[in-house]
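Values quoted throughout were computed directly from the atomic coordinates according to the rules given, and no laboratory measurement underlies them. In this text the structure is predicted, and so the values were computed from the model without any measurement. Note that each Cβ is placed from the backbone with ideal geometry, even for glycine, and that neighbours are counted across all protein chains shown.
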Amino acid sequence: MYFKEGYGRLGRRAERQYYLLRAMRRGRRLQSLSNRTNLIRPADILVFVTLRNERTRLPYFLEYYRKLGAAHFLIVDNDSTDGSADYLRSEPDVSLWHTKESYKSARFGMDWINDLLRRYGHDHWCLTVDPDEFFIYPHHDTRPLQALTDWLDSVDDKSFSAMLLDVYPRGPVEQAVCREGQNPLEVANWFDAANYTIRKNHKYGNLWIQGGPRARAVFPGRPFESPALNKIPLVRWHWRYAYLSSTHSLLPRQLNMVYDQDGGERASGCLLHAKFLAGIAEKSTEELSRRQHYAGSQEYRAYHKRFQGKTVLWCDASSEYADWRQLADLGLMSGGNWV
């Protein structure tokens, strides 16, 4: 559905209602495989995920977010064939739904997630991430996630941003094998410290960030076709909210105002993105054949073309990841007023 530029508050409200209605319609088609949402307590922090064929990533992913303080995982399995659903069905803090329907037709999974958020996320802090994304925030090494959400509640902030930061190995990506249960940062712990552009989307008010190794090495000569890196994954959810494009933007519009407009800094985090590991060539081949991704799967076409040998993303300007303080010093995240 097309909504005109500059359509104002009433137009945005109509757009939000449209996305909520389509989420409700598509949500009814999800098949529940294990619904343990009766275990969710009022103060629990929830994690929402859509996935397909991520079996080897799941043990560490769940362990990571449990240690941060997540209490329950609400996951949509898009017809995995690698045993992901069987594994997740046995996890006591996971509620699992299955669908064979088109990921693309569900707005790349966001219709499914919006419906689960509407049904189960109301008045909870909800973190929406992919299985290859690892959320870090100021003091995450010493303070649980609830310390952050308690502070956000105290300053009446409803949303929290995190820049997607691609990590990669020093050697060939195709040889960077991450074993099941292993921390991917043990294999891929380098990143681009600079090489980022930032613009403001005036329609929705969110920032638009691009750059990093994908702009530099996967989309050379056409960096503005590289994927967006701005995300708002952590939200104190209300059933009337809706994600628009992945977790890049939401409605109501004020949820996208996660930055200081007067020249200061607001607290923000990063999502360490461990996509560039062995198996990416096979994954890109599969996703190209399915044709279920944004813009005609142009991102996966670029991966398929790029990762066919001994591909090295590392360069002399790469930085080795140390901790969140390093990223704050580089200006990639901020503690803001949270000390």
Could you tell me which of GLY11, TYR243, LEU117 has its Cα farthest along the dipole of the chain towards the positive end, charges placed at Cβ (Lys, Arg +1; Asp, Glu -1), taken about the Cα centre?
GLY11
Options TRP151, MET163, VAL177, ranked by Cα towards positive dipole end of region 127-261, top entry (Cβ charges):
MET163
Straight-line reach from LYS310: which lysines have Cα under 17 Å away, leaving out those fewer than 8 places along the same chain?
LYS275, LYS283
Can you give the net charge of the other residues whose Cβ lies under 11 Å from the Cβ of HIS72, counting K and R as +1 and D and E as -1?
0
Sort MET333, MET257, MET24 so the one with the fewest other Cβ atoms within 10 Å of its own Cβ comes first.
MET24, MET257, MET333
Exposure proxy check: HIS140, HIS238 ranked by fewest other beta carbons within 10 Å?
HIS238, HIS140
Of the GluC sites (Glu not before Pro) in region 141-206, which ones lie in a loop per DSSP and count no more than 12 other C-beta atoms within 10 Å?
GLU180
Looking at the chain only, what percent of DSSP beta bridges run antiparallel? Nearest 5 please.
60 percent
Order by neighbour count: TYR60, TYR321, fewest other Cβ atoms within 10 Å first, most last.
TYR321, TYR60
Measuring from its Cα centre, the chain shows a charge dipole (+1 at each Lys and Arg Cβ, -1 at each Asp and Glu Cβ) which, in debye to the nearest 20, is 1540 debye
Tell me, what is the percent relative contact order of the chain, built from C-alpha pairs under 8 Å that lie six or more residues apart?
22 percent
One computes Rg over Rh for the chain from alpha-carbon atoms, with the Kirkwood Rh, and obtains 0.93
Helix-only [θ]222 nm of the chain, DSSP H runs n ≥ 4, -39500 (n - 2.57) each, per residue, nearest 500:
-7500 deg cm²/dmol
